[in-house]
Each structure stands twice: as structure tokens, then as C-alpha cells.
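Undergrad: Got a structure for you, questions after.
No lab work stands behind these numbers, since they all come straight from the coordinates. Not measured: the values here are computed from a predicted model. Counting neighbours? That spans all protein chains shown, and the Cβs are built from the backbone with ideal geometry, glycine included.
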Amino acid sequence: MTVALLEVENLKTHFFGRRGVTKAVDGVTFSVEKSEIVGIVGESGSGKSVTSLSVLRLVDAPGRIVDGTIRFEGRDLLAMSREEMRRLRGRRISMIFQEPGTSMNPVLKVGFQIAEAIRSHERVTDAEARRRTLELMDLVGIPDAAHRIDQYPHQFSGGMLQRLMIAMGLALSPALLVADEPVTALDVTIQAQILDLLRDLRDRTEAAVLLITHDMGVVAETCDRVLVMYLGRVVEEAPVDKLFDAPLHPYTQGLLGSIPKIEEKVEWLEAIPGSVPSPHDVPSGCRFSNRCPKVMDVCHTAEPPLIEHGPGHRVACYLYTTEAEEDRG
Amino acid sequence: MLRNLSKTIVGFARDHKLAAFGAVIVLLFVITGIFAGQLAPKDPNQVSVRDSLVPPNAEFPLGADNNGRDVLSRIIFGARISLYVSMTSVGLAAFVGVLLGIVAAWYRWLRAPIMRLMDVLLAFPGIVIALTIIAILGRGIENVILAIAIYQIPQFARLAHGLALSAQEQTYVEAAVAGGESDVAILSRYVFPNIVAPIIVQVSLLIPGAIMTAAGLSFIGLGVPPPTAEWGAMLQLSLTWGRLAPHMTIFPGLALMLVVFGFNVLGDGLRDALDPRLKGRG
């Protein structure tokens with residue numbers, strides 16, 4: 001088996017607040033292959049954003065990565081010094097954020113900022129940096145780049161700014177682009193354009209993408225493989241078509257059941273009962289047990305492990321383990 | 001670019017008439033200070049016993065002091081000293097204070113040491129700190145500059161610290177970190193440019209304080225040593241001779257008052273113009 005581009009194992013990122021420890025990410029394992037688009041979906045508070053920040057080691061105090069390993073291109077990121085990590089960011093792994101409107105420095109020209117991304121890692125002449133900036137702006141589909149390179153962020157629309165952020169992220173042809181809710185702040189037609197752009201750029205630059213989102217529609221449109229997170233753990237992992245055709249975990253089934261479908265006429269959409277518990281007050285056993293429609297006795301005893309169930313399809317639920325069969329008699 | 005600038009200035013003058021008036025006074029003060037040598041009709045240190053204490057006349061437009069030195073020329077050269085002392089001291093204080101404030105905001109472990117030291121400095125009245133420093137280092141224009149700078153540093157540090165704390169939480173700073181920018185690049189290109197407007201206002205509001213303190217130190221004999229023409233020293237001299245020659249009190253006092261007034265109203269106007277939240281008020 002070849003080594004994956006990014007391998008995260010048993011990652012635990014906890015926040016040490018005044019009211020106790022918040023286990024935002026609590027034992028997450030996944031991998032991203034070269035030029036693969038992997039989605040992480042989950043509700044607010046599921047730990048998906050903290051997972052993505054942990055990969056770049058951008059978690060700030062009071063948060064801390066307390067356990068686990070993150071291997072990227074075969075190197076252990078958690079063992080790197082601050083300076084080694086800084087040199088990796090932007091060059092091999094880069095990140096784009098949710099709010100394109102606030103992700104650029106309002107007092108600097110956009111061209112300068114993209115050139116700066118190149119200059120912070122490579123020694124290039126001003127002319128060379130400008131030429132590459134123009135190329136990048138063309139690559140992400142900004143019309144009239146030669147003119148717009150000298151404009152300020154407030155002169156761009158949200159969609160255009162997100163294109164610029166992607167250009168900045170791709171400036172040094174990184175192997176992995178982490179995109180934290182890249183289209184959430186954009187309206188639907190622009191969302192589709194940006195997602196198309198991400199897929200298209202993946203095909204051309206072979207950069208893998210780790211896409212964080214709460215939107216199943218975005219996942220269906222963009223990703224190759226999906227991780228579903230709930231309260232800091234991965235509950236299901238599957239290739240994208242498998243996940244939509246045959247979701248295994250009751251939580252995934254609930255999420256998909258709550259999306260309206262254009263071909264079916266239904267009076268009521270199914271909703272998952274209750275709401276996400278506070279991370280200070282996680283149910284014992286399976287974290288989903290207090291909201292699960294198929295809850296069994298065994299679910300309250302211990303956390304179900306993430307077990308392979310079909311090729312590339314893993315699920316953390318007792319419905320699919322032998323213990324469950326014994327439990328049912 | 002130049003047209004935009006002139007447009008901005010015209011707009012500022014229209015919206016803030018008092019501030020524009022202040023700006024004119026400040027401009028006159030700066031020009032006077034720079035071209036003192038060309039503008040002054042006489043040598044400010046030219047002693048003439050014959051003209052001792054003469055009231056304003058054709059030869060001495062603002063009269064002469066007890067040594068027969070031309071008051072107008074001494075006021076003009078005094079402007080140069082005030083300009084030099086206030087600009088360098090506030091400039092130095094702004095540089096050091098802003099640097100400390102931004103650094104203390106960015107490096108969490110430096111926050112308490114730097115900012116608590118600033119709080120300690122802030123607890124002393126400015127003139128006490130200035131007196132202490134002069135007492136240690138002795139008289140002289142450089143020591144006056146240093147004394148004023150040191151007591152103004154915490155004011156810049158506190159302002160910059162507060163502004164930097166909120167500026168560094170912006171997504172574009174996080175994006176810069178995620179892009180692997182160095183700390184120096186982040187602080188100088190992402191944090192500092194976004195907090196510079198209130199700092200400019202602070203500079204314009206602290207310059208009159210620096211002028212007053214410099215004059216005050218000279219007034220009590222701890223500032224610029226005589227015979228250098230300095231407004232505070234001129235006023236001190238007039239304590240003895242003022243009753244015989246009121247022009248020795250009135251004109252240096254008027255110069256001091258006008259310049260301080262000019263900077264104050266300019267600073268207020270700049271604050272209104274640069275802070276959108278205050279627009280349309282007052």
C-alpha cells in the first residue's frame with residue numbers, strides 16, 4: 001500500500017476553558033490521497049473546522065492538540081518546529097477561509113498580496129512575481145487581470161475575492177489545499193462556479209483538497225470521498241456515491257433524510273430529534289445514542305469503533321458489528 | 001493621485017472648518033520653525049543694552065527684552081526649538097510605543113510584562129517622570145526629548161495594543177499565518193497598516209502636550225539652557241521684568257497658546273475624519 005499524502009491518526013484537539021475541557025476533536029482518523037477531494041461534513045460544533053485547523057497547526061490557545069499523529073508527505077507535522085511549520089504553510093499546504101470579504105488585507109492591493117504569498121517562500125524578482133500573479137489570476141478565471149491586479153479588495157465581489165483567495169492558496173502549487181467552508185458566504189450560483197473551479201483546478205494542478213462544509217449538496221457536487229463527523233468523531237466514511245446511495249450510520253441517514261428531494265413529494269421532512277449536546281456533556285457510550293432512532297442497550301456501554309463495512313466504507317455503529325447481533329439475541 | 005489628495009484636503013476643510021483653521025496655524029508654525037533663519041529680522045541673541053525693555057516699535061515689532069534682544073526674532077527661533085523637540089519626542093514615543101504595543105499583542109507571553117510596565121509608567125504624572133529623567137541625565141535639549149518621549153511611550157503602547165488585539169483577530173491575519181508569512185511580515189504589513197489611522201490622531205493630540213511640557217521644563221529652568229531662545233524660558237524671564245515690559249509676557253504666551261490650540265483642534269478634526277463612528281456627531 002502506498003503512503004497517503006495526509007494521514008491523520010487518532011487526532012485529539014481539546015480546548016482548556018474556564019468551565020472545563022472541551023473535546024472539540026476527540027480521536028479522528030482519516031487520510032487524503034494525492035489529488036483527491038475529501039469532504040468533511042457535520043453540524044456546527046462537530047469539530048470539522050478544528051480538524052482542518054489542526055492539520056495546519058493553527059489551533060490557538062486555549063486549544064491544544066493533545067494526542068494523535070498527523071503525517072504529511074511522510075513527515076510528522078506535530079514534531080516539526082514552528083519555523084519548519086511556517087515554511088510548510090502556503091508552500092505545501094495552504095488554506096482558504098469561509099469569509100472571502102475579510103480574508104484579504106483591506107489596505108493592500110490584491111496583486112501585491114498574491115505576489116507576497118509567492119515572495120514569502122521564494123526569492124523572485126518583482127517582475128517575475130507580477131507575471132506569476134497575473135497567470136494565477138487568469139487560472140482562477142478573473143477577467144481583465146492586467147487591470148484588476150492593481151485594485152484593492154473592496155473593489156471585488158465576494159465570488160471574485162474567493163477566486164483570488166484560491167489563487168493565493170495555489171500560488172506555490174501546494175500538494176494540499178484546505179478549504180474551510182469556501183462557499184458558505186456566497187450565493188448559490190456563485191457557489192456552483194467556485195466548486196467547479198476547485199474541481200477543475202484539482203484536475204489541472206493535482207492538488208488534493210480537504211473540503212470542510214455543512215452542506216451535503218456541496219459534498220455531492222465536489223467530493224470524491226466523505227467523512228461525516230459528529231461531536232468530534234468520525235461516524236462514517238465512504239466514497240461519495242456510496243454515502244448518498246446507502247448511508248449506514250443513523251446520523252448520516254438522518255442528515256440525508258432532512259434534505260428535500262425534487263423528485264419526491266412529501267408533506268414533512270424528517271428531522272433528527274433533539275439537538276447537538278453541549279461538548280461538556282457528551283453522552284456515554286455512542287455519542288449519538290441520545291438522539292438515535294435505532295438505539296440499543298449496547299450503545300450506552302462503550303463508544304463503537306470505526307469498522308470497515310464494504311470497500312472504502314467505514315462506519316462507527318453497533319448496528320453493523322457482531323456485538324450488536326449478539327445483543328439482539 | 002495628486003488630484004485625489006487635493007480633493008481630500010478640500011473636503012476635510014469644508015467639513016471641519018475649525019480643524020482647517022488649526023491646520024493653518026500648525027502649517028505656519030512648521031514653516032516658521034524650518035525657515036527661522038530667513039524669517040527672523042534680527043539675530044535672536046544680539047544683546048543691546050541701549051534697547052533694554054523697549055516696547056513694540058518700528059525697529060522691534062514685538063518689543064525687546066531686558067537684554068535688548070528682539071522678542072519677535074526670539075519667538076521665531078523659539079518655534080524652531082518647539083518644533084524640533086515636539087516632533088522628535090512624539091515621533092520617538094510613537095515608534096517605540098506602537099512597536100511595544102503590537103509585539104505585546106502578538107506574543108501572548110510578552111503581554112503581561114510589557115503592558116504592566118506601561119501601566120506603571122502611566123501611573124506617574126508626566127512631569128514627574130520628566131523631572132526624574134532630567135535630574136538623572138542633566139539638562140540639555142536631547143534629554144528633554146528623551147524625557148518627553150519616555151512619558152508618552154505608554155500612551156502609544158496602550159492605544160496600539162488595544163487596536164492590534166482586534167486587528168490580529170481578522171481573517172486576513174489568520175490567512176497570512178496559514179500562508180506561511182513570517183511574524184515580521186504579518187505585523188508590519190497586515191497588523192500595522194490597519195491600525196495606523198488612530199495612531200496618527202494620537203500623534204497630533206500628543207504634540208501640543210510635548211510642546212507644553214518642553215516649555216514647562218524650560219520655565220522651571222530644567223529645559224533648554226540659556227541663552228537659547230525658547231518660549232518657556234522667555235516666559236520665565238518675564239516673571240522678573242513683565243511688570244515693566246508686558247510685551248515680554250504677552251507675545252511668547254500668545255505664541256504658545258496659538259500653537260497648542262492649533263494642534264488640538266486639528267487633532268479633534270482628524271479624529272472625526274478618520275473615525276467613521278464619530279461622523280455626523282458634535
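Undergrad: Counting only the backbone N, which residues of the range B:162-185 are under 18 Å from the spot 7 Å out from the Cα of B:Leu110 toward its beta-carbon?
TA: Under cut-off, by backbone N: B:162-169, B:177, B:181-185.
Undergrad: Let me ask something additional. So what is the 222 nm mean residue ellipticity for chain B from helices alone, if each DSSP H run of at least 4 adds -39500 (n - 2.57) and you divide by all residues, rounding to the nearest 500 deg cm²/dmol?
TA: On the way: 11 runs with 198 residues, N = 282.
The helix-only estimate for chain B comes to -24000 deg cm²/dmol at 222 nm.
Undergrad: Averaged over its residues, how many other protein chain Cβ atoms are within 10 Å of peptide A:167-174's Cβ atoms?
TA: Working: counts 0, 4, 3, 0, 1, 2, 0, 1.
The shielding value for this peptide is 1.
Undergrad: Evaluate the relative contact order of the range A:110-230 (contact order divided by residue number), counting alpha-carbon pairs under 8 angstrom at least 6 apart; express in whole percent.
TA: 24
Undergrad: So what is log10(I(q)/I(0)) for chain B at q = 0.09, 0.16 1/Å, when the Debye sum runs over its Cα atoms only?
TA: -0.53, -1.22
Undergrad: Identify, among A:Ala179, A:Ile149, A:Ile190, the residue whose Cα sits farthest towards the positive end of the charge dipole of the range A:145-204, taking +1 on the Cβ of Lys and Arg and -1 on the Cβ of Asp and Glu, with the dipole about the Cα centre.
TA: Projecting each Cα onto the dipole axis, the largest value belongs to A:Ile149.
Undergrad: If you take the square roots of the eigenvalues of the alpha-carbon gyration tensor of the range A:1-89 and sort them as a ≥ b ≥ c, do you get rounded (a/c under 1.5), prolate (a/b over b/c) or oblate? Write down the numbers at each step before the final one.
TA: Working: a/c = 2.05, a/b = 1.36, b/c = 1.51.
The shape class here is oblate.
Undergrad: Now a separate question. To the nearest 0.05, how large is the calculated FRET efficiency for A:Arg87 and B:Tyr84 if R₀ is 51 Å and r is the Cβ-Cβ distance?
TA: Numbers: r = 46 Å, r/R0 = 0.89.
The pair A:Arg87/B:Tyr84 has a calculated efficiency of 0.65.
Undergrad: Charges only on Cβ, +1 for Lys and Arg, -1 for Asp and Glu: so what's the dipole of the range A:101-173 about the Cα centre, in debye to the nearest 20? Before the final figure, lay out each step's value.
TA: Values: 8 positive and 8 negative charges, 15 e Å.
Using Cβ point charges on Lys, Arg, Asp and Glu, the range A:101-173 gives about 80 debye.
Undergrad: How high is the FRET efficiency between B:Phe95 and A:Glu303 when r is their beta carbon distance and R₀ equals 45 Å, given to the nearest 0.05? Intermediate values should be presented prior to the final figure.
TA: Details: r = 56 Å, r/R0 = 1.25.
Here the calculated transfer efficiency is 0.20.
Undergrad: Percent relative contact order of the range A:101-173, based on C-alpha pairs within less than 8 angstrom and at least six residues apart?
TA: About 47 percent, as a whole number.
Undergrad: A further question follows. Can you find, among B:Tyr172, B:Ala149, B:Pro56, the residue sitting farthest towards the positive end of the charge dipole of chain B, where Lys and Arg contribute +1 and Asp and Glu -1 at Cβ?
TA: Among B:Tyr172, B:Ala149, B:Pro56, the one farthest towards the positive end of the dipole of chain B is B:Tyr172.
Undergrad: Counting pairs of alpha carbon atoms under 8 Å apart in space and at least six apart in sequence, what relative contact order in percent does the range B:57-121 give?
TA: Values: 25 pairs, mean separation 9.0, N = 65.
Worked out over the range B:57-121, it gives 14 percent.
Undergrad: In whole Å, what is the distance between the alpha-carbon centres of the range B:36-108 and the range A:207-221?
TA: 67
Undergrad: While we're here: Please list, in chain and number order, the residues 5+ apart from A:Val209 or on another chain whose amide H is under 5 Å from its amide H, with Hs placed from the backbone.
TA: Close amide H contacts, sequence-distant or interchain: A:Glu36, A:Ile37, A:Val38, A:Leu177.
Undergrad: When the helix-only estimate is applied to chain A (DSSP H runs of n ≥ 4, each -39,500 (n - 2.57), divided by the residue count), what is the mean residue ellipticity at 222 nm, nearest 500 deg cm²/dmol?
TA: Details: 11 runs with 101 residues, N = 329.
Only helices count here, giving -8500 deg cm²/dmol.
Undergrad: Can you tell me the dipole magnitude for the protein assembly as shown around its Cα centre, using point charges on the Cβ only (Lys, Arg +1; Asp, Glu -1), in Debye to the nearest 20? Provide the component values of the computation, followed by the final result.
TA: On the way: 57 positive and 63 negative charges, 569 e Å.
Roughly 2740 debye for the protein assembly as shown.
Undergrad: Check every DSSP H run in chain B and write down those whose alpha carbon atoms cover 30 angstrom or more along the long axis and whose mean Kyte-Doolittle hydropathy is -1.0 or greater. Before the final figure, lay out each step's value.
TA: Details: long enough: B:71-106 (51 Å, 1.72); B:141-167 (38 Å, 1.10); B:196-219 (34 Å, 1.84); B:247-274 (40 Å, 1.20).
The answer, listed by residue number, is B:71-106, B:141-167, B:196-219, B:247-274.
Undergrad: Structure shown: which of A:Lys12/A:Lys261; A:Lys261/A:Lys294; A:Lys265/A:Lys294; B:Lys17/B:Lys42; A:Lys12/A:Lys109; A:Lys242/A:Lys294 lie over 29 Å apart, alpha-carbon to alpha-carbon?
TA: Working: A:Lys12/A:Lys261 36 Å; A:Lys261/A:Lys294 24 Å; A:Lys265/A:Lys294 25 Å; B:Lys17/B:Lys42 35 Å; A:Lys12/A:Lys109 39 Å; A:Lys242/A:Lys294 21 Å.
Listed pairs above 29 Å: A:Lys12/A:Lys261; B:Lys17/B:Lys42; A:Lys12/A:Lys109.
Undergrad: Once R0 is set to 51 Å, what does the formula 1/(1 + (r/R0)^6) return for the Cβ-Cβ distance between B:Ser182 and A:Trp268, expressed as a FRET efficiency to the nearest 0.05? Can you show the working numbers first?
TA: Numbers: r = 55 Å, r/R0 = 1.09.
Once rounded, the FRET efficiency stands at 0.40.
Undergrad: Would you mind ranking B:Phe192, A:Phe97, B:Phe35 by Cβ crowding within 10 Å, fewest neighbours first? Show your work: numbers first, answer last.
TA: Working: B:Phe192 19, A:Phe97 22, B:Phe35 13.
Ascending Cβ contact count within 10 Å gives the list B:Phe35, B:Phe192, A:Phe97.
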